[in-house]
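Following: one structure in structure tokens, then a few remarks.
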Amino acid sequence: MKKLLIPIIILAVLAFGIYSWAVGFNNTAVTYEANAKTEWSNVESAYQRRNDLIGNLVKTVQGAADFEKGTLESVIKARAEATKTTINAGDLTPENMAKFQQAQSGL
């Protein structure tokens, strides 16, 4: 009877060890899967945040472009006004000089 009991106990301990390892492996796999899902949701949140910020960036760039366009148009208009006034050597009167000086200071 003793000879039969020892192999049964060894098999029971071995089976319990294999069962414990399998349960631990399953728990670890479930934990890894939960961590992976959590991290992936963090990635998706970051992508969504970046996507939401693109609209703000576009508005900022568009505002800067409008400002630059307005500045360029003002400079072109001022240059056109300044170059429109010419002075001839024969018409060097104080009024013409003042008019020319006014056009140049507007530039």
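Computed from the coordinates by the stated procedures, all read-outs in this text should not be read as laboratory data. Since this is a predicted model, take the numbers as computed values, not measurements. No Cβ is skipped: glycine too gets one built from the backbone with ideal geometry, and neighbour counts run over all protein chains shown.
Filter region 71-92 for residues that are β-branched (Val, Ile, Thr) and loosely packed, with under 10 Cβ neighbours inside 10 Å and give the result. If you could, list the steps in order and put the result at the bottom.
From region 71-92, those β-branched (Val, Ile, Thr) are 71, 75-76, 83, 85-87; that's our starting set.
The answer is 86, and nothing else.
Looking at 68, 95, which is the one that is in a helix (DSSP H, G or I) and either basic (Lys, Arg) or surrounded by 10 or more Cβ atoms within 10 Å (Cβ to Cβ) (or both)? Before you say what the answer is, go through the steps one by one.
Values: 95 fails: either basic (Lys, Arg) or surrounded by 10 or more Cβ atoms within 10 Å (Cβ to Cβ) (or both).
Matching residue, one of 68, 95: 68.
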